[in-house]
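Okay, structure first, notes after.
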Amino acid sequence: MSLTDQNKANLCDVDNFNDGGLKRGLKNRHVQLIALGGIIGSCFFLGTGQVVQAVGPSAFLAYALGGIIIYLVMLCLGELAVAIPIAGSFVTYAADFISPTWACGVGWTYWLSWVTYVPCECTAAGIIMHGFFPDVNQYIWAVALGVIITVINVSNVKAFGEVEFWLALCKIIGLMFFCIMAVLIIFGVFHGDMPARGFIGTTNLLGNGGLFPLGAFAVLTEMVMLLVNFQGSEIIGLSAGECLDPSKTIPIAIRNVTFRIVCLYLIPVFLLVMILPWADASVDQCVFATALDKYGLHWAGGLFSIIALTAAMSCANSGTYGAVRSLWALAREGMAPRFLAKLNKHSVPANAAYTTIAGAWIFLLASYFFSATDAFVYLLSIAGFTGEMCWISICWSQYNFRKKLYKAGYTDEALRYKSPWFPFTAQAGIWLQVASLVFCLFNEALRPAFYFGVPALIIPMVIYKLAGVDRNKTIAEGESRIRFEDVFPPKANVGAKSNVSM
């Protein structure tokens with residue numbers, strides 16, 4: 001890679017830049033597990049049952065398509081986060097490379113995606129604990145989890161990283177355990193009360209109506225519900241401003257998370273539909289426990305309840321972190337009340353954290369008036385729709401970033417991490433997601449997510465436009481922020497002094 005000495009200095013400064021007063025306390029292992037914490041929640045253990053029920057054994061193909069989409073998004077995000085590592089990143093990227101108005105809409109939409117998703121996890125935790133302690137109301141446990149999540153997210157960022165590391169590790173071990181047991185079931189080692197029949201083969205995969213018992217189109221209409229299970233991977237970008245040595249940490253995290261998505265999503269779901277008839281799947285309980293119970297492993301229900309509980313805590317923890325950082329970024333850009341950008345003594349945006357928790361509980365209390373299953377599916381679909389708007393924004397921002405880079409006189413060699421196959425990576429990421437959002441209109445259960453998500457995007461944009469906010473005057477005086485021109489000054493001014501103040 002050939003870089004000028006000035007550019008090397010700028011890039012080195014960016015790695016150590018104190019962005020908005022936040023502390024760089026997250027290590028490589030923290031960042032990797034934070035992202036995994038967000039994408040493997042209790043809703044994966046329950047929500048996969050909804051997907052299998054809706055599309056049949058082809059659920060694993062749906063997850064494969066979802067994996068391709070998130071891989072494209074992560075490639076785009078990695079390029080941006082390494083080039084300009086800032087907290088609340090994609091909000092600022094959208095403002096810099098698309099438009100402030102769009103950034104306002106997508107930032108608030110992303111915040112809402114987690115404010116609706118975190119209650120799912122809290123409710124799931126309450127249901128799980130109610131199974132262990134039936135005399136205690138499940139909402140008490142849900143509130144208790146909310147308090148724990150609040151304390152963690154207003155503590156220093158290193159404490160958050162350590163908690164998330166161990167919670168996410170529990171989920172990974174649990175899924176690895178399921179894969180081992182499922183393989184043993186496939187080869188006839190466990191068969192429960194059923195007659196021993198040896199190798200199962202494709203009996204469940206193809207023998208109950210085929211791979212697409214409800215039609216191939218069902219896979220497309222269910223993509224919004226499925227993609228919500230991948231939501232949280234973008235938190236890698238939100239954590240960029242608090243990473244130690246982001247130029248090394250972010251690329252490693254993206255490569256590893258992409259690989260682990262294959263291992264922790266595609267393989268478990270494929271094994272699941274191999275051992276469980278798709279008609280037996282439901283959203284009422286952990287579908288992985290249902291599959292193991294079918295083969296006489298009844299103790300697995302309790303074990304996976306504990307795993308699902310750690311998953312709920314982990315995902316709610318990561319989700320709250322992402323929502324708080326996006327709300328903080330909105331406030332810093334003048335797109336939310338200024339007091340939300342204030343940091344506490346731990347250099348954490350506590351006001352944004354309290355506001356996020358309050359918003360989550362509004363949705364949690366509102367869900368009381370619906371059945372648990374209806375509330376679960378409804379909140380998940382809203383979170384999936386609004387979350388995809390963020391992913392589209394990431395791909396769009398990377399596309400415009402690269403064009404701006406070329407216009408400033410640079411080539412790909414100026415990037416320490418670059419997304420391959422430009423511009424097709426960004427374009428494919430955008431249009432695949434636009435298609436999945438449109439297809440949800442053909443799914444009656446998911447249609448309300450469209451009706452909620454579109455106004456959630458447009459209303460903040462209209463308010464921002466009508467308010468006539470001057471974005472350049474909203475960032476507090478003396479508060480430094482990295483901009484594109486600081487890292488990649490126009491070639492004619494390459495020798496000019498950088499505006500980044502350390």
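Any residue that is in a helix (DSSP H, G or I), more than 21 Å from the chain's Cα centre (by Cα) and modelled with pLDDT of 75 or more - is there at least one of those in region 247-268? Within region 247-268, not a single residue is in a helix (DSSP H, G or I), more than 21 Å from the chain's Cα centre (by Cα) and modelled with pLDDT of 75 or more. Is it the case that region 401-408 has a residue that's closer than 21 Å to ARG483 by Cβ, touching a helix residue (DSSP H, G or I) at 6+ places or on another chain (Cβ under 6 Å) and at pLDDT 85 or above? Taking every residue of region 401-408 in turn, at least one turns out to be closer than 21 Å to ARG483 by Cβ, touching a helix residue (DSSP H, G or I) at 6+ places or on another chain (Cβ under 6 Å) and at pLDDT 85 or above. All of (1) modelled with pLDDT of 80 or more; (2) surrounded by 22 or more Cβ atoms within 10 Å (Cβ to Cβ); (3) part of a helix (DSSP H, G or I) hold for SER419 with one exception: (3).
Of the residues that sit in region 308-344 and are part of a helix (DSSP H, G or I) and polar (S, T, N, Q), which one is surrounded by the fewest Cβ atoms within 10 Å (Cβ to Cβ)? Here the answer is THR310. Would region 114-127 turn up any residue that is touching a residue at least 40 places away in the same chain (Cβ under 8 Å) and surrounded by fewer than 24 Cβ atoms within 10 Å (Cβ to Cβ)? Yes, there is a match, as at least one residue in region 114-127 is touching a residue at least 40 places away in the same chain (Cβ under 8 Å) and surrounded by fewer than 24 Cβ atoms within 10 Å (Cβ to Cβ).
Quick grid of which residues meet (1) in contact (Cβ under 8 Å) with a residue 60 or more places away in the chain; (2) within 16 Å of the chain's Cα centre (by Cα); (3) surrounded by fewer than 24 Cβ atoms within 10 Å (Cβ to Cβ):
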{"site": "PRO57", "(1), (2), (3)": "yes, no, no"}
{"site": "ALA64", "(1), (2), (3)": "yes, no, yes"}
{"site": "LEU77", "(1), (2), (3)": "yes, yes, no"}
{"site": "PRO85", "(1), (2), (3)": "yes, no, no"}
{"site": "PHE90", "(1), (2), (3)": "yes, yes, no"}
{"site": "ALA94", "(1), (2), (3)": "yes, no, no"}
{"site": "PHE97", "(1), (2), (3)": "yes, no, yes"}
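The values are calculated or read from the model by the stated rules, or taken from the named source; none is laboratory data. Keep in mind it's a predicted model, so treat the numbers as computed, not measured. Backbone-built Cβ (ideal geometry, glycine too); neighbour counts: all protein chains shown.
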